[in-house]
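The values are calculated or read from the model by the stated rules, or taken from the named source; none is laboratory data. This is a predicted model, so every value here is computed, not measured. Neighbour counts run over all protein chains shown; Cβ positions are idealised from the backbone, glycine included.
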Amino acid sequence: MTEATSDYARPTALPEALALLAAGPLTVLAGGTDLYPATQAQRLAGPLLDITALEGLAGVTVGPEGLRIGAATTWTELAETDLPPALAALQQAARLVGGRQIQNAGTIGGNLCNASPAADGVPPLLVLGAEVELASVRGVRRLPLAEFVLGVRKTARTPDELLTAVHIPAAALAGTSAFVKLGARAYLVISIAMVAVRIVAERGRVVEAVLAVGACSAVARRLPQVEAALVGAPLSEVATRITAAEVGAALSPIADIRGTADYRLEAACVLLRRAVAQALPVEEVA
Amino acid sequence: MNQPGRFATITVNGRAIAATGDPARRLSDFLREEAGLRGTKSGCDAGDCGACTVIVDGAAVCACLMPMGRLAGARVTTVEGLADAPGEAGQGALSRLQAAFLRHGAAQCGICTPGMLTAAAALLAEYPRPTEAEAEVALGGVLCRCTGYRKILAAVCDAWRVDVPEAALPAGAAVGARVRRLDGAPKVTGADRFGADEWPEGALLLKAVRSPHFHAAFHFGDLSGWQAVRSGVAAIFTAADIPGRNRFGVIPAFADQPALAEGTARLRGEAVALVAFEPGAEPDLTDFPVTWQALPHLLDPAEAEATGAPLVHAGRPGNHLVAGLVRRGDAAAALAASVHLATGSIETAFVEHAYIEPEAGSAWMEGEVLCIRACTQAPVMDRDDTAAILGLPPERVRILPTAVGGGFGSKLDVSLQPLLGLAVLKTGRPCRMVYSRAESMTSTTKRHPARITAQIGCDAEGRVTALTFDGLFDTGAYASWGPTVANRVPVHATGPYRTPAVLARARAIHTNGPSGGAFRGFGVPQAALAQETLYDQLADAAGIDRLELRLRNAFRDGDATATGQVLQGTGIHECLTALAPHWTRALADAAAANAKSSHLRWGVGVASCWYGCGNTSLPNPSTIRLGLTPEGTLVLHQGAMDIGQGANTVITQICADALGLPVGSFTLVGPDTFLTPDAGKTSASRQTYVSGRAAQAAGAALRAQILRLAGLNGAVRLRLEGAELVVEGETSHRIDLAALAANPHGYALMAEETYDPPTAPLDADGQGTPYAVYGYGAQIAELEVDTELGTVRLLKITAAHDLGRVINPTLAEGQIEGGIAQGIGLALMEEYLPGRTENLHDYLIPTFGDVPPIESLLIERADPEGPFGAKGLGEHVLIPTAPAILNAVRHATGVTVTRVPLLPHRLRAAILAKGTP
């Protein structure tokens, strides 16, 4: 057998990881749930930077500015952490990614960097106004999530950068959220469409509405027009104010084996109405 | 830099192991290749199937997605370590979970079982008494293709219980008993050895070079030059190296498939060359010197049979492989005279068998004999095809089947056996080969896509008058079982119903798609989709309840089929009658649910099946040998392949009662073409019936010998006491087996019996006796349609199946539940698109959450021909499910489905096209 090579690094300190990234292109390995399926070989081709031992890269921390989710936080950790109701959508998504084995290994940072149009993590983070934290030897920068995921398998990460965390601003922790995923079977399913919504309601009316749809365009999208139409709506009218025309205007679905473009648009609209109904606090509806 | 992969220590099943080597290596590969822990299975290398699930520091993970470099200091538990977990008895005893799997029949073929067990063990460590919902979520990431998941859920939820070992059954009580699988223990301990699990020391690893095109000419560049610059390439083989006839096929008259293509590849995934790698070398085929010239290809059978279409095979004009016909009476006239008519069409897709074990095996020489250990459903057919390709006499090829991780029809055809044999013959060295999931999916057979049009008429009282049926089956690039599908479909086109006038045609047309082969039902499930959905339309037209229409037309003893065969032991009426109370209850439930206006609509559907067991009008013998050694060991040479369905157990139960000794006294040998007589192939739901009859005859023959020796007659009891056989009747007699001269097989007493079903050829109009035994069944599907999204949620399936005689109720229920799961896939999600769905995340099979509770009603209407009255079951169970679902969807929404799978977008489009229900 070949001996361990310098092609595989698993540092514990971030500066060491960033120095390695600065020294040359490396494939960043987190949960492995996307990298391994992409090869038929029994080993990943290097050089690899395994980030799962990095201190401070996993877990959720609360600060005055909001929440910080370490990039190497797994879906299971996200699902099992006690989090505000605004993150319910993210936690629901975490329970619907793949199966339990995938949730135990896959990370939120890997989901974002893999940039699949069907990435279940993106819509719930979009409705939280999430920013990603990118670190390199040149420093740390933050980007809104919508500016980070640029296209199919394409992100704004430069080769020397590491996605270290996702930040949720304190303002976005208000309200309640929900995630609804549509697939052709119960488990281990790639979304035909999925939506996340976050609603802030006061005295029976919507104060703030944030909606996002995934798998219906190259990159998951927010729906500003629909969001605006919901503000001020009495809770009983929220679902009906979501119109197919306005939803459709924000999206550009493709047709593939999982569904036609028309179906995706229609389904997105239905899912949004259901997600909104699910997100609204019961006592507010009544 | 930290390099934890080097000499890191990991603890596997409580034992410290030095993890040397490449830290980027998959844990699954390390466990299997280095640690020798081959209970961990590799089904996809992509996290899609969960077969490789292990527990790492308390969490269930896919070992195929876990780099070794991450495991320094980690605690890993594999299936081999479950019995020694805290709180278990340990020391080789089964854990309570493992015992529960055996008790509930939760392991069939056993290939997913290690992944199921480890996923469950991780759950049980936290929640010792989980709810069904908790178990489902915890195990949802593991696919099973055999069981339909229900017995696995039951086992996991019942695993807290201390197992009470099975009481030994007395002689004569085996048939009908819930005997635990005789081959079950190794399936739950991880000790069972499948195709990829065993190979001779120093075996070369074989990889096939496969066509990336649907149709292409190819030629090789400098093969020896490529070999020279690659390290670890031991040999390269092409068609030019094949010593015998480079053509194989399950039906000799139609054999047309090369083991390695000769200049032209006719399907994507076809093997064109074979590379043998030295052990440990990276099996990398990059830059293999082959150039491809893509040729025009056909993927649409209607285009393929059109005038002027290019030919897939030069000798088959119109790309026409074969056609079948059954004609009885004047169907056109009878339809014209009918009071009510239903007319419709259905289109189905390629369906992939999706067993969790990709094809795998190994081979070596023993003297002059080529030995091949591989997964298969048909050892003797493998021997003959492989021998012909390699230019060997059949007696120089020995097939030693491994445990089979699911087959469902596709492992009837040879796959890697000739390739293994070729490399062993040419190199003189042992070889091994394991298909990747993509290779398995692209290169092996599929269920035939069908386009069927049909018309059925009835009179004013709902008595069916006539059926016309025309089926176009895409048989893909090679013949495989296309002829069988074309012949079997017209015979079964009426369903199990009296139909006085019939004109049923089916034809198999070549394309450059994957070869249409055998898949649980040989085309009958497709035919039933057409016929059973038309019965619902006919019932509505006639204003008759849908179940009642079926009851009025169901075959009874003495009725003639479309082939003119007069039936006996006909259980369909009993099946439908057994469903009646469930039907009434389900309709009431649906009506209540639909009383409130909602986008959720409930529906109830019913459909029937019948299926002839064994070959269609062809010889189909099985031979079973049974012997008592001078030492008093009772040996059953059981050559009927157990691919998870339970032949090892069922054949033994039948033989035990025929002989009059308990199941527990049997030792099983085989299957092995050097040790077991030919018990035929495991297909066509024939093993319980045909091999069962042979086993019954062998048991009876040995009993007769014993009674003669003892000079006793009639109701005597047998008992083995060491080397003495005690025969107790009116007097007691002891036979000293050691004193008897052993025969050339080494037996003091031996019986070997053959049974061949009495069938008769079909004439030009398809009239005759194609099968000696038929099995029957009917199922009710209850479901909820989300009309806004076009999704279907199954609520319950109630399945009544006539088994003639239930040999083993647990195994029978397992067949029913597993067949239903595959029927659900056929109806709702499975669509193999060549070039697009060659993995288990784009090709969807049902998961835990997709199979609803199933209630099995086992009906026993004895067949005069079957052993103890038993009939086949394995394929029957799949047939009614999909049409019952389609009928329930129509009941819920009014939508008549004309294409499966009924994916959400298709159902939604149909709902929109129809207007508001």
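Please go through region B:819-838 and pick out each residue that is more than 8 Å from chain A (Cβ to nearest Cβ) and assigned to a loop (DSSP other than H, G, I, E, B).
Listed by number, the residues that qualify are B:Glu830, B:Pro834, B:Gly835, B:Glu838.
Test of understanding: among B:Ala580, B:Ala562, B:Ala593, which residue is in contact (Cβ under 8 Å) with a residue 40 or more places away in the chain, of a type in the set (A, V, I, L, M, F, W, C) and within 29 Å of B:Ala460 (Cα to Cα)?
Exactly one residue qualifies, and that residue is B:Ala562.
Looking at (1) part of a strand (DSSP E or B); (2) within 14 Å of chain A (Cβ to nearest Cβ), can you tell me which one B:Ile780 breaks?
Among (1) part of a strand (DSSP E or B); (2) within 14 Å of chain A (Cβ to nearest Cβ), B:Ile780 violates only (2).
The rows are residues; the columns are (1) among the aliphatic types (A, V, I, L, M); (2) under 33 Å from the mean Cα position of the chain (by Cα); (3) in a helix (DSSP H, G or I); (4) surrounded by fewer than 22 Cβ atoms within 10 Å (Cβ to Cβ).
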{"residue": "B:Asp540", "(1), (2), (3), (4)": "no, no, yes, yes"}
{"residue": "B:Ile544", "(1), (2), (3), (4)": "yes, no, no, yes"}
{"residue": "B:Leu549", "(1), (2), (3), (4)": "yes, yes, yes, no"}
{"residue": "B:Arg556", "(1), (2), (3), (4)": "no, yes, no, yes"}
{"residue": "B:Gln568", "(1), (2), (3), (4)": "no, yes, no, yes"}
{"residue": "B:Ala578", "(1), (2), (3), (4)": "yes, yes, yes, yes"}
{"residue": "B:Asp589", "(1), (2), (3), (4)": "no, no, yes, yes"}
{"residue": "B:Ala592", "(1), (2), (3), (4)": "yes, no, yes, yes"}
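Output the residue which, of all residues in region B:1-18 that are at the interface with another protein chain (Cβ under 7 Å from one of its Cβ atoms) and out of contact with any Pro (no Cβ under 6 Å at 6 or more places or on another chain), is modelled with the lowest pLDDT.
B:Met1
Taking B:Ala265 as meeting all but one of (1) without any contact (Cβ under 8 Å) to a residue 60 or more places away in the chain; (2) farther than 24 Å from B:Trp199 by Cβ; (3) out of contact with any strand residue (DSSP E or B) (no Cβ under 8 Å at 6 or more places or on another chain), write down the number of the exception.
(3)
Name the residue that is nearest to the other protein chains (Cβ to nearest Cβ), counting only residues in region A:80-107 that are in contact with a strand residue (DSSP E or B) (Cβ under 6 Å, 6 or more places away or on another chain) and hydrophobic (A, V, I, L, M, F, W, C).
The extreme case among them is A:Ala105.
Please specify each residue of region A:80-90 satisfying the condition of being surrounded by fewer than 23 Cβ atoms within 10 Å (Cβ to Cβ), in contact with a helix residue (DSSP H, G or I) (Cβ under 8 Å, 6 or more places away or on another chain) and more than 23 Å from A:Thr52 (Cα to Cα).
Scanning region A:80-90 gives A:Pro84, A:Ala88.
Yes/no matrix, rows are residues, columns are (1) in contact with a strand residue (DSSP E or B) (Cβ under 6 Å, 6 or more places away or on another chain); (2) within 14 Å of chain B (Cβ to nearest Cβ):
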| site | (1), (2) |
| --- | --- |
| A:Pro169 | yes, no |
| A:Gly175 | yes, no |
| A:Val180 | yes, yes |
| A:Ala184 | no, yes |
| A:Ala193 | yes, yes |
| A:Ile199 | yes, no |
| A:Val207 | yes, no |
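One line per residue, one yes/no per condition, for (1) touching a His at 6+ places or on another chain (Cβ under 9 Å); (2) under 28 Å from A:Leu20 (Cα atoms); (3) within 14 Å of chain A (Cβ to nearest Cβ):
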{"position": "B:Asp22", "(1), (2), (3)": "no, yes, yes"}
{"position": "B:Gly47", "(1), (2), (3)": "yes, no, yes"}
{"position": "B:Ala63", "(1), (2), (3)": "no, yes, yes"}
{"position": "B:Gly92", "(1), (2), (3)": "no, no, no"}
{"position": "B:Gln108", "(1), (2), (3)": "no, no, no"}
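So in region B:569-602, with the set limited to residues that are touching a helix residue (DSSP H, G or I) at 6+ places or on another chain (Cβ under 6 Å) and not aliphatic (A, V, I, L, M), which one is farthest from B:Gly777 (Cα to Cα)?
Filtering region B:569-602 for residues that are touching a helix residue (DSSP H, G or I) at 6+ places or on another chain (Cβ under 6 Å) and not aliphatic (A, V, I, L, M), the one farthest from B:Gly777 (Cα to Cα) comes out as B:Arg601.
Name the single residue that is nearest to the other protein chains (Cβ to nearest Cβ) among those in region B:844-882 being over 20 Å from the mean Cα position of the chain (by Cα) and outside any loop (DSSP other than H, G, I, E, B).
The qualifying residue nearest to the other protein chains (Cβ to nearest Cβ) is B:Gly849.
Could you check, for region A:64-79, whether at least one of its residues is free of Cβ contacts under 8 Å to residues at least 12 places away in the same chain and either surrounded by fewer than 16 Cβ atoms within 10 Å (Cβ to Cβ) or at the interface with chain B (Cβ under 9 Å from one of its Cβ atoms) (or both)?
No, region A:64-79 contains no residue that is free of Cβ contacts under 8 Å to residues at least 12 places away in the same chain and either surrounded by fewer than 16 Cβ atoms within 10 Å (Cβ to Cβ) or at the interface with chain B (Cβ under 9 Å from one of its Cβ atoms) (or both).
Quick check: is even one residue across region B:328-350 more than 26 Å from B:Ala506 (Cα to Cα), aromatic (Phe, Trp, Tyr) and either modelled with pLDDT under 95 or out of contact with any Asp or Glu (no Cβ under 6 Å at 6 or more places or on another chain) (or both)?
no
Where residues in region B:265-282 are of a type in the set (D, E, K, R) and within 32 Å of the chain's Cα centre (by Cα), which of them is farthest from B:His219 (Cα to Cα)?
B:Arg268
Looking at region B:66-89 only, could you name the residues that are in a strand (DSSP E or B) and surrounded by fewer than 17 Cβ atoms within 10 Å (Cβ to Cβ)?
Matches in region B:66-89: B:Arg75 only.
Could you list all residues from region A:221-271 that are surrounded by 20 or more Cβ atoms within 10 Å (Cβ to Cβ), at the interface with chain B (Cβ under 10 Å from one of its Cβ atoms) and not in a helix (DSSP H, G or I)?
Those that are surrounded by 20 or more Cβ atoms within 10 Å (Cβ to Cβ), at the interface with chain B (Cβ under 10 Å from one of its Cβ atoms) and not in a helix (DSSP H, G or I): A:Arg258, A:Gly259.
Which of the following residues is free of Cβ contacts under 8 Å to residues at least 60 places away in the same chain and of a type in the set (A, V, I, L, M, F, W, C): B:Ala228, B:Ala255, B:Ala235, B:Ala259?
Step by step, each of B:Ala228, B:Ala255, B:Ala235, B:Ala259 is checked, and only B:Ala228 is free of Cβ contacts under 8 Å to residues at least 60 places away in the same chain and of a type in the set (A, V, I, L, M, F, W, C).
Name, by its number, the condition in (1) within 19 Å of the chain's Cα centre (by Cα); (2) surrounded by 24 or more Cβ atoms within 10 Å (Cβ to Cβ); (3) assigned to a helix (DSSP H, G or I) that does not hold for B:Pro490.
Failing condition for B:Pro490: (1).
Provide a single number: the residues in region B:791-818 that are in a loop (DSSP other than H, G, I, E, B) and not hydrophobic (A, V, I, L, M, F, W, C).
3
If B:Asp256 passes every condition in (1) modelled with pLDDT of 95 or more; (2) more than 26 Å from the chain's Cα centre (by Cα) but one, which one does it miss?
(2)
Which condition does A:Leu134 not pass, out of (1) touching a residue at least 60 places away in the same chain (Cβ under 8 Å); (2) under 11 Å from A:Leu163 (Cα atoms), if it passes all the others?
(1)
From the list B:Ala741, B:Ala751, B:Ala799, which residue is without any contact (Cβ under 8 Å) to a residue 24 or more places away in the chain and of a type in the set (A, V, I, L, M, F, W, C)?
Selected residue: B:Ala741, the only one of B:Ala741, B:Ala751, B:Ala799 that is without any contact (Cβ under 8 Å) to a residue 24 or more places away in the chain and of a type in the set (A, V, I, L, M, F, W, C).
Which condition does B:Ala812 not pass, out of (1) touching a residue at least 40 places away in the same chain (Cβ under 8 Å); (2) touching a helix residue (DSSP H, G or I) at 6+ places or on another chain (Cβ under 8 Å); (3) buried (at least 22 other Cβ atoms within 10 Å of the Cβ), if it passes all the others?
(2)
Hey, can you tell me all the residues within region B:328-362 that are touching a helix residue (DSSP H, G or I) at 6+ places or on another chain (Cβ under 9 Å) and free of Cβ contacts under 8 Å to residues at least 24 places away in the same chain?
none
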